[in-house]
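K.L.:
Handing you a structure now.
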Amino acid sequence: MAQYFVVHPQNPQPRLLKQASQFLADGGLVAVPTDSSYAVVARLDDKSAADALRRLRGLDERHHLTLLCRDLAEIGHFARVDNRQYRFLKLATPGPWTFILEATREVPRRVSHPSRKTIGIRVPDHKVTLDLLEAAASPLMSTTLIPEGEDDPLNDAQQILERYGHQLAAVIDGGACPLTPTTVIDLSGAEPVVTRRGGGDPSVLGLD
């Protein structure tokens, strides 16, 4: 059964997040609250963990896994960002946005889209997630925790433990979080394209 950590949503206990990060280092999957519902995260360089993420959600290899980063500088290490794209990122991060960008060679091929070589990438605006990223000292691959065959993400950590306790290494209970998904902006082409509307208002970025 998964380890269950109860943390303060605005001031999470570093000791507990350090313990949770060790489960990631050991190749486990961890459920964590974000600014757009609960997500499941895993270590970026772990092939078996990437496969486990997709099995948990029932996803194929063409579904973009999202890379959670600590800041803009870290995004630039894993995605090719020109001046135009950087302006969008600077306006929107941290926050409930996911940007599709061309992946650099630092991103394992199993994580990026197999034909387009792109990656979903974002900086979440949630203290628990950001502190877990610091404890892990690395970006984490993630996917929203939406049960296979359902439309809505899970928002209750206890329910996540009951349903996925034998597939996850740990669950971090940081209380309820928004149930609105991220807004997805594809910046990999000549013009930005809003591919999903969610928590971020595209008009903030000058997009319809």
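The values are calculated or read from the model by the stated rules, or taken from the named source; none is laboratory data. Keep in mind the model is a prediction, meaning the values are calculated, not measured. With ideal geometry, Cβ positions are generated from the backbone for all residues, glycine too; neighbour counts draw on all protein chains shown.
K.L.:
Considering (1) surrounded by fewer than 21 Cβ atoms within 10 Å (Cβ to Cβ); (2) touching an Asp or Glu at 6+ places or on another chain (Cβ under 9 Å); (3) closer than 29 Å to Leu16 by Cα, say which one Pro202 fails and leave the rest.
P.N.:
Going through (1) surrounded by fewer than 21 Cβ atoms within 10 Å (Cβ to Cβ); (2) touching an Asp or Glu at 6+ places or on another chain (Cβ under 9 Å); (3) closer than 29 Å to Leu16 by Cα one by one, Pro202 breaks only (3).
K.L.:
How about segment 148-187: which of its residues are in contact with a Lys or Arg (Cβ under 7 Å, 6 or more places away or on another chain) and either within 15 Å of Pro9 (Cα to Cα) or surrounded by 15 or more Cβ atoms within 10 Å (Cβ to Cβ) (or both)? Outline the logic, then answer.
P.N.:
Kept after step one, since they are in contact with a Lys or Arg (Cβ under 7 Å, 6 or more places away or on another chain), are these residues of segment 148-187: 148, 181-184.
Residues satisfying the conditions are Pro181, Thr182, Thr183, Val184.
K.L.:
Looking only at strands (runs of 3 or more DSSP E) that fall completely inside segment 136-208, which ones have 3 or more residues that are under 17 Å from the mean Cα position of the chain (by Cα)? Talk me through it step by step, then tell me what you get.
P.N.:
Working: elements: 140-144, 170-173, 183-186, 193-196.
Because the criterion is at least 3 residues that are under 17 Å from the mean Cα position of the chain (by Cα), the strands (runs of 3 or more DSSP E) in segment 136-208 that meet it are 140-144, 170-173, 183-186.
K.L.:
Restricting to segment 11-41, and then to whatever is of a type in the set (S, T, N, Q) and at pLDDT 95 or above, can you tell me which residue is surrounded by the fewest Cβ atoms within 10 Å (Cβ to Cβ)? Full working, then the answer.
P.N.:
Step one: list which residues in segment 11-41 are of a type in the set (S, T, N, Q), which gives 11, 13, 19, 21-22, 34, 36-37.
Cutting the leftovers down to at pLDDT 95 or above gives us 11, 13, 19, 21-22, 34.
Working: Asn11: 10, Gln13: 13, Gln19: 14, Ser21: 22, Gln22: 15, Thr34: 27.
For segment 11-41, the residue satisfying everything is Asn11.
K.L.:
Does Leu132 fit the bill of being of a type outside the set (S, T, N, Q), at negative phi and part of a helix (DSSP H, G or I)? Lay out the reasoning, then the answer.
P.N.:
Values: of a type outside the set (S, T, N, Q): yes; at negative phi: yes; part of a helix (DSSP H, G or I): yes.
Against the criterion (of a type outside the set (S, T, N, Q), at negative phi and part of a helix (DSSP H, G or I)), Leu132 qualifies.
K.L.:
Any residue in segment 61-84 that's under 15 Å from Val107 (Cα atoms): show its pairings with residues that are among the acidic types (Asp, Glu) and surrounded by 14 or more Cβ atoms within 10 Å (Cβ to Cβ) at Cβ separation under 6 Å, as long as the two are six or more apart or on different chains.
P.N.:
Arg80/Glu102
Condition check ((1) at pLDDT below 95; (2) farther than 22 Å from Arg197 by Cα) across all residues:
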| site | (1), (2) |
| --- | --- |
| Arg43 | yes, yes |
| Leu59 | yes, no |
| Leu65 | yes, no |
| Trp97 | no, no |
| Ser115 | yes, yes |
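K.L.:
Sticking with this one: Any residue at all in segment 47-69 that is under 15 Å from the mean Cα position of the chain (by Cα), of a type in the set (D, E, K, R) and surrounded by fewer than 19 Cβ atoms within 10 Å (Cβ to Cβ)?
P.N.:
Yes: segment 47-69 contains one or more residues that are under 15 Å from the mean Cα position of the chain (by Cα), of a type in the set (D, E, K, R) and surrounded by fewer than 19 Cβ atoms within 10 Å (Cβ to Cβ).
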